[in-house]
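Scroll down for the structure; my scribbles are underneath it.
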Amino acid sequence: MAISLIQKYNVPGPRYTSYPTVPYWEEDNFTSEKWKQTLLKSFQESNKTEGISLYIHLPFCESLCTFCGCHKRITKRHEVEEPYITAVLKEWDLYCQLFNETPIIKEIHLGGGTPTFFSTENLTRLINGILVKAKVALEHEFSFEGHPNNTTREHLQTLYDLGFRRVSFGVQDYSETVQKAIHRIQPFQNVAKVTYWAREIGYTSISHDLVFGLPFQGVENIVDTIEKTKSLSPDRLAFYSYAHVPWIKGNGQRGFNDEDVPKDDEKRKLYEIGKILLAKKGYHEIGMDHFAKKNDNMYTAFQEGKLHRNFMGYTASKTQVMVGLGASSISDSWYSFAQNEKSIEEYYTRLDNNEIPVCKGHILSQEDLIIRKHILNLMCQFTTSWDNEHLFFTELPEIVERLQEMAHDGLLILQNNAITVTEKGKPFVRNICMAFDLRLKRKAPKTQLFSMTV
(Lines give C-alpha, C1' and ligand atoms only; values in the text may rest on other atoms or scores of the structure.)
Protein backbone atom coordinates (compact mmCIF):
# COMPACT_ATOMS: atom_id res chain seq x y z
CA MET A 1 0.00 0.00 0.00
CA ALA A 2 1.34 3.44 -0.90
CA ILE A 3 2.61 5.37 2.12
CA SER A 4 1.14 8.53 0.60
CA LEU A 5 -2.38 7.04 0.82
CA ILE A 6 -1.88 6.09 4.47
CA GLN A 7 -0.63 9.57 5.28
CA LYS A 8 -3.57 11.10 3.43
CA TYR A 9 -6.39 8.98 4.84
CA ASN A 10 -5.18 7.85 8.27
CA VAL A 11 -7.42 10.09 10.36
CA PRO A 12 -9.60 9.51 13.43
CA GLY A 13 -12.86 7.81 12.45
CA PRO A 14 -15.65 5.54 13.72
CA ARG A 15 -15.68 1.75 13.31
CA TYR A 16 -19.41 1.94 12.38
CA THR A 17 -20.94 -0.80 14.48
CA SER A 18 -23.87 1.63 14.40
CA TYR A 19 -25.11 4.74 12.67
CA PRO A 20 -25.35 7.25 14.18
CA THR A 21 -22.25 6.49 16.21
CA VAL A 22 -22.59 6.75 20.00
CA PRO A 23 -20.98 10.23 20.37
CA TYR A 24 -23.65 11.60 18.01
CA TRP A 25 -26.69 10.17 19.72
CA GLU A 26 -29.35 12.81 20.45
CA GLU A 27 -29.80 11.98 24.10
CA ASP A 28 -32.06 14.98 24.79
CA ASN A 29 -34.68 13.50 22.45
CA PHE A 30 -34.46 10.04 24.02
CA THR A 31 -36.61 8.57 26.78
CA SER A 32 -37.07 5.07 28.10
CA GLU A 33 -40.69 5.17 26.94
CA LYS A 34 -39.69 6.06 23.36
CA TRP A 35 -37.20 3.20 23.43
CA LYS A 36 -39.90 0.73 24.54
CA GLN A 37 -42.29 1.97 21.84
CA THR A 38 -39.79 1.54 19.00
CA LEU A 39 -38.65 -1.81 20.39
CA LEU A 40 -42.19 -3.14 20.56
CA LYS A 41 -42.91 -1.91 17.02
CA SER A 42 -39.81 -3.64 15.68
CA PHE A 43 -40.47 -6.81 17.68
CA GLN A 44 -43.99 -7.07 16.25
CA GLU A 45 -42.64 -6.58 12.72
CA SER A 46 -39.84 -9.14 12.89
CA ASN A 47 -40.10 -11.67 15.71
CA LYS A 48 -42.06 -14.29 13.75
CA THR A 49 -40.13 -13.82 10.51
CA GLU A 50 -36.52 -13.63 11.73
CA GLY A 51 -36.46 -13.80 15.54
CA ILE A 52 -34.31 -11.64 17.80
CA SER A 53 -30.69 -11.53 18.96
CA LEU A 54 -29.43 -11.30 22.52
CA TYR A 55 -26.09 -9.86 23.56
CA ILE A 56 -25.32 -10.61 27.22
CA HIS A 57 -22.49 -8.63 28.79
CA LEU A 58 -20.59 -10.49 31.51
CA PRO A 59 -18.18 -7.81 32.74
CA PHE A 60 -15.89 -9.47 35.26
CA CYS A 61 -12.19 -10.19 34.67
CA GLU A 62 -9.57 -11.44 37.11
CA SER A 63 -6.86 -9.19 35.65
CA LEU A 64 -6.65 -6.10 33.44
CA CYS A 65 -5.48 -6.44 29.82
CA THR A 66 -4.09 -3.03 28.88
CA PHE A 67 -5.16 -3.25 25.21
CA CYS A 68 -8.84 -3.72 26.09
CA GLY A 69 -11.46 -1.03 25.47
CA CYS A 70 -14.45 -2.95 26.89
CA HIS A 71 -16.45 -2.10 30.00
CA LYS A 72 -15.21 -4.46 32.70
CA ARG A 73 -14.81 -4.91 36.45
CA ILE A 74 -11.53 -6.39 37.70
CA THR A 75 -12.00 -8.77 40.64
CA LYS A 76 -11.02 -12.20 41.89
CA ARG A 77 -14.15 -12.42 44.06
CA HIS A 78 -16.38 -14.98 42.39
CA GLU A 79 -19.23 -14.35 44.80
CA VAL A 80 -20.15 -11.51 42.40
CA GLU A 81 -21.41 -14.07 39.88
CA GLU A 82 -24.70 -15.08 41.44
CA PRO A 83 -26.20 -11.60 42.04
CA TYR A 84 -25.16 -10.52 38.55
CA ILE A 85 -26.89 -13.51 36.91
CA THR A 86 -29.98 -12.80 39.01
CA ALA A 87 -29.99 -9.19 37.78
CA VAL A 88 -29.62 -10.15 34.11
CA LEU A 89 -32.49 -12.61 34.38
CA LYS A 90 -34.66 -9.92 35.98
CA GLU A 91 -33.82 -7.56 33.12
CA TRP A 92 -34.82 -10.27 30.62
CA ASP A 93 -38.08 -10.77 32.53
CA LEU A 94 -38.86 -7.04 32.20
CA TYR A 95 -38.37 -7.28 28.43
CA CYS A 96 -40.52 -10.41 28.20
CA GLN A 97 -43.30 -8.55 30.05
CA LEU A 98 -43.05 -5.81 27.41
CA PHE A 99 -43.32 -8.19 24.46
CA ASN A 100 -46.83 -9.31 23.54
CA GLU A 101 -45.76 -12.77 22.38
CA THR A 102 -43.03 -15.28 23.11
CA PRO A 103 -39.66 -14.11 21.72
CA ILE A 104 -37.97 -16.36 19.19
CA ILE A 105 -34.22 -16.29 19.78
CA LYS A 106 -32.00 -16.57 16.73
CA GLU A 107 -28.70 -15.46 18.23
CA ILE A 108 -27.15 -15.35 21.68
CA HIS A 109 -23.67 -13.97 22.23
CA LEU A 110 -21.91 -13.93 25.60
CA GLY A 111 -19.34 -11.13 25.68
CA GLY A 112 -17.30 -9.38 28.28
CA GLY A 113 -15.32 -8.97 30.30
CA THR A 114 -14.62 -12.66 30.54
CA PRO A 115 -17.68 -14.92 30.17
CA THR A 116 -15.61 -17.90 31.32
CA PHE A 117 -14.97 -16.03 34.61
CA PHE A 118 -18.38 -17.49 35.51
CA SER A 119 -18.82 -21.05 36.76
CA THR A 120 -20.57 -23.61 34.60
CA GLU A 121 -23.38 -23.73 37.16
CA ASN A 122 -24.04 -20.01 36.86
CA LEU A 123 -23.77 -20.05 33.06
CA THR A 124 -26.30 -22.89 33.01
CA ARG A 125 -28.65 -20.91 35.26
CA LEU A 126 -28.29 -17.90 32.97
CA ILE A 127 -29.01 -19.67 29.68
CA ASN A 128 -31.80 -21.84 31.06
CA GLY A 129 -33.35 -18.76 32.64
CA ILE A 130 -33.28 -17.01 29.26
CA LEU A 131 -34.63 -19.93 27.24
CA VAL A 132 -37.47 -20.89 29.60
CA LYS A 133 -39.23 -17.69 28.48
CA ALA A 134 -38.47 -18.01 24.78
CA LYS A 135 -38.47 -20.26 21.75
CA VAL A 136 -35.29 -21.04 19.84
CA ALA A 137 -35.23 -20.47 16.08
CA LEU A 138 -34.62 -23.55 13.97
CA GLU A 139 -31.49 -22.00 12.47
CA HIS A 140 -29.87 -20.34 15.46
CA GLU A 141 -26.34 -19.43 16.48
CA PHE A 142 -25.18 -19.29 20.08
CA SER A 143 -21.64 -18.06 20.62
CA PHE A 144 -19.35 -16.97 23.42
CA GLU A 145 -15.95 -15.42 24.02
CA GLY A 146 -13.56 -17.75 25.82
CA HIS A 147 -10.36 -16.76 27.62
CA PRO A 148 -7.82 -19.50 26.83
CA ASN A 149 -6.30 -19.24 30.31
CA ASN A 150 -9.48 -20.01 32.24
CA THR A 151 -11.79 -21.79 29.79
CA THR A 152 -12.11 -25.35 31.04
CA ARG A 153 -13.28 -28.40 29.15
CA GLU A 154 -16.28 -28.31 31.46
CA HIS A 155 -17.07 -24.76 30.25
CA LEU A 156 -16.95 -25.90 26.64
CA GLN A 157 -19.00 -29.05 27.22
CA THR A 158 -21.63 -27.28 29.34
CA LEU A 159 -22.18 -24.50 26.82
CA TYR A 160 -22.22 -27.01 23.95
CA ASP A 161 -24.94 -28.94 25.77
CA LEU A 162 -26.87 -25.66 26.11
CA GLY A 163 -26.81 -25.16 22.31
CA PHE A 164 -23.60 -23.20 21.72
CA ARG A 165 -21.72 -24.13 18.55
CA ARG A 166 -19.38 -21.15 18.07
CA VAL A 167 -16.58 -19.97 20.33
CA SER A 168 -14.01 -17.20 19.84
CA PHE A 169 -10.72 -17.25 21.73
CA GLY A 170 -8.78 -14.05 22.34
CA VAL A 171 -5.21 -14.61 21.17
CA GLN A 172 -3.90 -11.11 20.29
CA ASP A 173 -0.21 -12.05 19.76
CA TYR A 174 2.08 -14.90 20.86
CA SER A 175 5.17 -12.75 21.52
CA GLU A 176 6.13 -12.77 25.21
CA THR A 177 7.32 -9.16 24.92
CA VAL A 178 3.99 -8.02 23.47
CA GLN A 179 2.03 -10.09 26.00
CA LYS A 180 3.90 -8.52 28.92
CA ALA A 181 3.23 -5.04 27.54
CA ILE A 182 -0.52 -5.66 27.29
CA HIS A 183 -0.64 -7.67 30.54
CA ARG A 184 -2.03 -10.77 28.85
CA ILE A 185 0.38 -13.64 29.47
CA GLN A 186 -1.06 -16.50 27.45
CA PRO A 187 1.14 -19.35 26.16
CA PHE A 188 0.41 -20.98 22.81
CA GLN A 189 -0.20 -24.28 24.65
CA ASN A 190 -3.23 -22.78 26.40
CA VAL A 191 -4.79 -21.69 23.12
CA ALA A 192 -4.01 -25.06 21.49
CA LYS A 193 -5.59 -26.95 24.39
CA VAL A 194 -8.94 -25.11 24.32
CA THR A 195 -9.04 -25.17 20.49
CA TYR A 196 -8.55 -28.96 20.41
CA TRP A 197 -11.11 -29.44 23.17
CA ALA A 198 -13.70 -27.36 21.31
CA ARG A 199 -13.13 -29.35 18.13
CA GLU A 200 -13.35 -32.69 19.94
CA ILE A 201 -16.60 -31.65 21.64
CA GLY A 202 -18.16 -30.68 18.30
CA TYR A 203 -18.08 -26.90 17.93
CA THR A 204 -18.68 -26.11 14.26
CA SER A 205 -17.08 -22.64 14.23
CA ILE A 206 -13.93 -21.86 16.20
CA SER A 207 -12.56 -18.35 15.92
CA HIS A 208 -9.32 -16.71 17.04
CA ASP A 209 -9.05 -12.97 17.65
CA LEU A 210 -5.70 -11.45 16.62
CA VAL A 211 -4.64 -7.81 16.99
CA PHE A 212 -2.13 -5.80 14.97
CA GLY A 213 -0.51 -2.54 16.02
CA LEU A 214 0.16 -3.62 19.62
CA PRO A 215 3.12 -2.16 21.53
CA PHE A 216 6.52 -3.63 20.56
CA GLN A 217 4.86 -5.69 17.80
CA GLY A 218 6.95 -6.21 14.68
CA VAL A 219 6.65 -8.10 11.41
CA GLU A 220 8.35 -11.16 12.91
CA ASN A 221 5.67 -11.29 15.64
CA ILE A 222 2.83 -11.16 13.12
CA VAL A 223 4.42 -13.93 11.02
CA ASP A 224 4.99 -16.13 14.07
CA THR A 225 1.47 -15.56 15.41
CA ILE A 226 -0.18 -16.39 12.08
CA GLU A 227 2.00 -19.50 11.59
CA LYS A 228 0.99 -20.75 15.03
CA THR A 229 -2.64 -19.86 14.33
CA LYS A 230 -2.57 -21.80 11.06
CA SER A 231 -1.32 -24.88 12.92
CA LEU A 232 -4.55 -24.83 14.96
CA SER A 233 -6.71 -24.17 11.86
CA PRO A 234 -9.56 -22.05 13.31
CA ASP A 235 -12.57 -21.67 11.01
CA ARG A 236 -12.54 -17.89 11.13
CA LEU A 237 -10.34 -15.06 12.36
CA ALA A 238 -10.71 -11.49 13.46
CA PHE A 239 -7.59 -9.45 12.74
CA TYR A 240 -8.32 -6.23 14.58
CA SER A 241 -6.49 -2.95 14.57
CA TYR A 242 -5.41 -2.00 18.08
CA ALA A 243 -7.26 1.19 19.02
CA HIS A 244 -4.84 3.28 21.05
CA VAL A 245 -7.22 5.66 22.83
CA PRO A 246 -5.61 6.50 26.19
CA TRP A 247 -7.52 9.81 26.32
CA ILE A 248 -10.69 7.71 26.73
CA LYS A 249 -9.48 4.73 28.74
CA GLY A 250 -6.94 6.51 30.91
CA ASN A 251 -4.39 4.42 32.79
CA GLY A 252 -5.80 1.18 31.43
CA GLN A 253 -3.90 1.78 28.18
CA ARG A 254 -0.82 3.35 29.76
CA GLY A 255 1.15 0.19 30.56
CA PHE A 256 3.60 1.28 27.83
CA ASN A 257 4.73 4.49 26.19
CA ASP A 258 3.20 6.04 23.06
CA GLU A 259 6.44 5.54 21.14
CA ASP A 260 6.21 1.76 21.75
CA VAL A 261 3.08 1.55 19.56
CA PRO A 262 3.54 1.06 15.77
CA LYS A 263 2.04 3.95 13.79
CA ASP A 264 0.91 4.85 10.27
CA ASP A 265 2.74 2.93 7.54
CA GLU A 266 4.62 0.80 10.08
CA LYS A 267 1.33 -0.36 11.59
CA ARG A 268 -0.37 -0.89 8.25
CA LYS A 269 2.55 -3.03 7.08
CA LEU A 270 1.72 -5.47 9.89
CA TYR A 271 -1.81 -5.85 8.53
CA GLU A 272 -0.79 -6.16 4.89
CA ILE A 273 1.74 -8.90 5.67
CA GLY A 274 -0.78 -10.68 7.86
CA LYS A 275 -3.46 -10.46 5.18
CA ILE A 276 -1.14 -11.98 2.55
CA LEU A 277 -0.19 -14.84 4.89
CA LEU A 278 -3.83 -15.53 5.77
CA ALA A 279 -4.82 -15.62 2.08
CA LYS A 280 -2.05 -18.17 1.39
CA LYS A 281 -3.40 -20.29 4.23
CA GLY A 282 -6.96 -20.41 2.87
CA TYR A 283 -8.60 -17.50 4.72
CA HIS A 284 -10.79 -15.10 2.74
CA GLU A 285 -11.27 -11.46 3.72
CA ILE A 286 -14.81 -10.81 4.94
CA GLY A 287 -15.90 -7.23 5.54
CA MET A 288 -13.40 -5.26 7.61
CA ASP A 289 -10.78 -7.05 9.77
CA HIS A 290 -12.40 -10.49 9.41
CA PHE A 291 -11.31 -13.64 7.59
CA ALA A 292 -12.98 -17.02 7.16
CA LYS A 293 -12.47 -20.37 5.50
CA LYS A 294 -14.97 -21.43 2.85
CA ASN A 295 -16.54 -23.93 5.26
CA ASP A 296 -17.56 -21.22 7.74
CA ASN A 297 -21.04 -19.69 7.58
CA MET A 298 -19.61 -16.17 7.70
CA TYR A 299 -17.97 -16.80 4.31
CA THR A 300 -21.29 -18.08 2.95
CA ALA A 301 -23.15 -15.06 4.35
CA PHE A 302 -20.67 -12.68 2.70
CA GLN A 303 -20.96 -14.46 -0.66
CA GLU A 304 -24.77 -14.43 -0.49
CA GLY A 305 -25.01 -10.78 0.58
CA LYS A 306 -26.44 -11.67 4.00
CA LEU A 307 -23.60 -10.47 6.21
CA HIS A 308 -24.73 -8.06 8.93
CA ARG A 309 -22.96 -5.73 11.34
CA ASN A 310 -24.10 -4.46 14.72
CA PHE A 311 -22.72 -3.85 18.21
CA MET A 312 -21.64 -7.51 18.35
CA GLY A 313 -19.53 -6.95 15.21
CA TYR A 314 -20.16 -9.00 12.07
CA THR A 315 -22.82 -11.70 12.17
CA ALA A 316 -23.84 -14.26 9.57
CA SER A 317 -27.50 -13.26 9.68
CA LYS A 318 -29.56 -10.15 10.41
CA THR A 319 -32.19 -9.67 13.06
CA GLN A 320 -34.06 -6.39 13.28
CA VAL A 321 -34.06 -6.55 17.09
CA MET A 322 -30.98 -7.01 19.25
CA VAL A 323 -31.55 -6.84 23.00
CA GLY A 324 -28.49 -6.10 25.12
CA LEU A 325 -28.62 -7.49 28.65
CA GLY A 326 -26.21 -6.62 31.45
CA ALA A 327 -24.37 -3.50 32.58
CA SER A 328 -23.26 -1.22 29.69
CA SER A 329 -24.93 -3.40 27.01
CA ILE A 330 -26.35 -1.64 23.95
CA SER A 331 -29.64 -2.65 22.37
CA ASP A 332 -30.84 -2.01 18.81
CA SER A 333 -34.46 -1.95 17.68
CA TRP A 334 -33.41 -0.76 14.19
CA TYR A 335 -35.42 2.40 14.83
CA SER A 336 -33.50 3.28 18.00
CA PHE A 337 -30.49 2.44 20.17
CA ALA A 338 -30.40 2.21 23.96
CA GLN A 339 -27.48 1.70 26.33
CA ASN A 340 -27.72 0.29 29.84
CA GLU A 341 -26.21 1.86 32.94
CA LYS A 342 -22.44 1.30 32.84
CA SER A 343 -22.01 1.12 36.61
CA ILE A 344 -22.95 -2.30 37.95
CA GLU A 345 -24.31 -0.70 41.12
CA GLU A 346 -26.55 1.70 39.18
CA TYR A 347 -27.62 -1.19 36.94
CA TYR A 348 -28.72 -3.12 40.04
CA THR A 349 -30.54 -0.09 41.48
CA ARG A 350 -32.61 0.43 38.35
CA LEU A 351 -33.61 -3.23 38.31
CA ASP A 352 -34.50 -3.13 42.02
CA ASN A 353 -36.96 -0.39 41.01
CA ASN A 354 -38.38 -2.68 38.27
CA GLU A 355 -37.03 -0.43 35.52
CA ILE A 356 -35.41 -1.49 32.27
CA PRO A 357 -31.97 -0.03 33.07
CA VAL A 358 -31.27 2.06 29.96
CA CYS A 359 -29.54 5.37 30.66
CA LYS A 360 -29.14 6.90 27.19
CA GLY A 361 -29.98 6.27 23.56
CA HIS A 362 -31.00 7.64 20.19
CA ILE A 363 -34.20 7.59 18.12
CA LEU A 364 -33.25 7.35 14.43
CA SER A 365 -34.65 9.93 12.02
CA GLN A 366 -35.69 8.98 8.50
CA GLU A 367 -32.39 10.38 7.25
CA ASP A 368 -30.52 8.29 9.83
CA LEU A 369 -32.26 5.13 8.64
CA ILE A 370 -31.30 5.72 5.00
CA ILE A 371 -27.67 6.53 5.78
CA ARG A 372 -27.51 3.55 8.13
CA LYS A 373 -28.43 1.26 5.22
CA HIS A 374 -25.71 2.73 2.99
CA ILE A 375 -23.05 2.38 5.69
CA LEU A 376 -24.13 -1.19 6.43
CA ASN A 377 -23.92 -2.04 2.74
CA LEU A 378 -20.41 -0.61 2.50
CA MET A 379 -19.17 -2.27 5.69
CA CYS A 380 -20.69 -5.66 4.88
CA GLN A 381 -20.55 -5.91 1.07
CA PHE A 382 -18.17 -3.11 -0.02
CA THR A 383 -20.86 -1.65 -2.27
CA THR A 384 -24.06 0.40 -2.08
CA SER A 385 -26.48 1.96 -4.56
CA TRP A 386 -29.40 4.37 -4.66
CA ASP A 387 -31.30 3.07 -7.68
CA ASN A 388 -34.19 2.59 -5.28
CA GLU A 389 -35.70 6.02 -4.58
CA HIS A 390 -36.08 5.04 -0.90
CA LEU A 391 -32.28 5.08 -0.60
CA PHE A 392 -31.91 8.58 -2.00
CA PHE A 393 -31.55 11.60 0.29
CA THR A 394 -31.02 15.31 -0.34
CA GLU A 395 -27.28 15.49 0.40
CA LEU A 396 -26.38 12.44 -1.72
CA PRO A 397 -25.10 14.44 -4.76
CA GLU A 398 -22.82 16.38 -2.39
CA ILE A 399 -21.52 13.13 -0.92
CA VAL A 400 -20.82 11.73 -4.37
CA GLU A 401 -18.86 14.88 -5.15
CA ARG A 402 -16.78 14.37 -1.99
CA LEU A 403 -16.06 10.79 -3.06
CA GLN A 404 -14.58 11.88 -6.40
CA GLU A 405 -11.13 12.29 -4.88
CA MET A 406 -11.25 8.77 -3.44
CA ALA A 407 -12.31 7.52 -6.85
CA HIS A 408 -9.35 9.37 -8.38
CA ASP A 409 -7.08 7.65 -5.84
CA GLY A 410 -8.44 4.26 -6.96
CA LEU A 411 -10.25 3.48 -3.70
CA LEU A 412 -13.72 3.13 -5.21
CA ILE A 413 -15.67 3.11 -8.47
CA LEU A 414 -18.58 5.52 -8.98
CA GLN A 415 -21.08 4.56 -11.67
CA ASN A 416 -24.79 4.04 -12.33
CA ASN A 417 -26.01 5.38 -9.00
CA ALA A 418 -23.70 3.01 -7.15
CA ILE A 419 -20.39 2.86 -5.31
CA THR A 420 -18.12 -0.16 -5.29
CA VAL A 421 -15.05 -0.27 -3.06
CA THR A 422 -12.00 -1.57 -4.91
CA GLU A 423 -9.47 -4.04 -3.51
CA LYS A 424 -7.13 -1.09 -3.06
CA GLY A 425 -9.86 0.77 -1.20
CA LYS A 426 -10.89 -1.93 1.31
CA PRO A 427 -8.43 -0.75 3.99
CA PHE A 428 -10.09 2.68 3.72
CA VAL A 429 -13.72 1.57 3.99
CA ARG A 430 -14.12 3.51 7.26
CA ASN A 431 -13.06 6.67 5.42
CA ILE A 432 -15.58 5.98 2.64
CA CYS A 433 -18.34 5.53 5.23
CA MET A 434 -17.30 8.82 6.84
CA ALA A 435 -18.25 10.60 3.61
CA PHE A 436 -21.86 9.45 4.24
CA ASP A 437 -21.78 10.40 7.92
CA LEU A 438 -23.75 13.64 7.87
CA ARG A 439 -23.74 13.94 11.66
CA LEU A 440 -19.95 13.83 11.69
CA LYS A 441 -19.83 16.39 8.87
CA ARG A 442 -22.27 18.77 10.53
CA LYS A 443 -20.56 18.66 13.91
CA ALA A 444 -16.90 17.77 13.65
CA PRO A 445 -15.51 16.85 17.10
CA LYS A 446 -13.28 19.43 18.78
CA THR A 447 -11.28 16.70 20.50
CA GLN A 448 -10.30 13.26 19.23
CA LEU A 449 -13.12 10.75 19.84
CA PHE A 450 -12.13 7.86 17.59
CA SER A 451 -9.14 5.65 16.83
CA MET A 452 -7.22 6.08 13.58
CA THR A 453 -8.87 4.57 10.50
CA VAL A 454 -5.89 2.77 8.92
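A quick yes/no check of all residues on (1) at pLDDT below 95; (2) among the small types (Gly, Ala, Ser); (3) more than 23 Å from the chain's Cα centre (by Cα):
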residue	(1), (2), (3)
Lys133	no, no, yes
Gly146	no, yes, no
Leu159	no, no, no
Asp173	no, no, no
His183	yes, no, no
Phe188	no, no, yes
Val191	no, no, no
Thr204	no, no, no
Looking across the stretch 78-100 at residues that are more than 20 Å from Thr349 (Cα to Cα) and open to solvent by 60 Å² or more (accessible area, probe 1.4 Å), the single one that is modelled with the lowest pLDDT is Asn100
**Prompt:** Hey, any hits in the stretch 400-418 for a residue that's polar (S, T, N, Q), more than 17 Å from Pro20 (Cα to Cα), over 26 Å from the mean Cα position of the chain (by Cα) and in a strand (DSSP E or B)?
**Reply:** yes
Filtering the stretch 330-361 down to residues that are within 19 Å of the chain's Cα centre (by Cα) and open to solvent by less than 20 Å² (accessible area, probe 1.4 Å) yields Ser331, Asp332, Ser333, Ser336, Phe337, Ala338, Gln339, Asn340, Gly361
Within the stretch 364-394, of all residues that are of a type in the set (A, V, I, L, M, F, W, C) and not in a helix (DSSP H, G or I), the one most open to solvent (accessible area, probe 1.4 Å) is Phe392
Filtering the stretch 361-388 down to residues that are touching a residue at least 40 places away in the same chain (Cβ under 8 Å) and aromatic (Phe, Trp, Tyr) yields Phe382
Note on the stretch 256-265: residues touching a Phe, Trp or Tyr at 6+ places or on another chain (Cβ under 9 Å) and either at pLDDT below 80 or in a loop (DSSP other than H, G, I, E, B) (or both) are Phe256, Val261, Pro262
Per the filter on the stretch 278-290, residues in a helix (DSSP H, G or I) and open to solvent by 30 Å² or more (accessible area, probe 1.4 Å) are Ala279, Lys280
The residue that is most open to solvent (accessible area, probe 1.4 Å), considering only those in the stretch 48-77 that are under 19 Å from Ala327 (Cα atoms) and of a type in the set (Phe, Trp, Tyr), is Tyr55
Picked from the stretch 24-47 (must be open to solvent by 70 Å² or more (accessible area, probe 1.4 Å) and under 24 Å from the mean Cα position of the chain (by Cα)), the residue nearest to Lys424 (Cα to Cα) is Glu26
Scanning the stretch 309-321 for residues that are within 13 Å of the chain's Cα centre (by Cα) and assigned to a strand (DSSP E or B) gives Arg309, Asn310, Gly313, Tyr314, Thr315
Subset of the stretch 21-43, residues among the hydroxyl-bearing types (Ser, Thr, Tyr), outside any helix (DSSP H, G or I) and either under 23 Å from Phe436 (Cα atoms) or touching an Asp or Glu at 6+ places or on another chain (Cβ under 6 Å) (or both), comes to Thr21
Item checked: Any hit, the stretch 422-441, residues being more than 13 Å from His374 (Cα to Cα), of a type in the set (Val, Ile, Thr), under 26 Å from the mean Cα position of the chain (by Cα) and not in a helix (DSSP H, G or I) -> yes
Taking the stretch 1-23 and the residues there that are among the hydroxyl-bearing types (Ser, Thr, Tyr) and closer than 26 Å to Asp265 by Cβ, the one that is surrounded by the fewest Cβ atoms within 10 Å (Cβ to Cβ) would be Ser4
task = Return a yes/no flag: does the stretch 177-186 have any residue that is small (Gly, Ala, Ser), within 23 Å of Leu278 (Cβ to Cβ), open to solvent by less than 60 Å² (accessible area, probe 1.4 Å) and in contact with a Ser or Thr (Cβ under 8 Å, 6 or more places away or on another chain).
result = no
By residue number, the members of the stretch 214-240 that are of a type in the set (A, V, I, L, M), touching a Ser or Thr at 6+ places or on another chain (Cβ under 7 Å) and not in a helix (DSSP H, G or I) are Leu237, Ala238
Picked from the stretch 235-249 (must be at pLDDT 90 or above and in contact with a helix residue (DSSP H, G or I) (Cβ under 8 Å, 6 or more places away or on another chain)), the residue farthest from Pro12 (Cα to Cα) is Arg236
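The values are calculated or read from the model by the stated rules, or taken from the named source; none is laboratory data. Quick caveat: nothing in here was measured; it's all calculated off a predicted structure. Note: ideal-geometry Cβ built from the backbone for every residue, glycine included; neighbour counts use all protein chains shown. Calculation scope for accessible area: heavy atoms of the full protein, side chains included, ligands and nucleic acids excluded. Shrake-Rupley method; radii C 1.70, N 1.55, O 1.52, S 1.80 Å.
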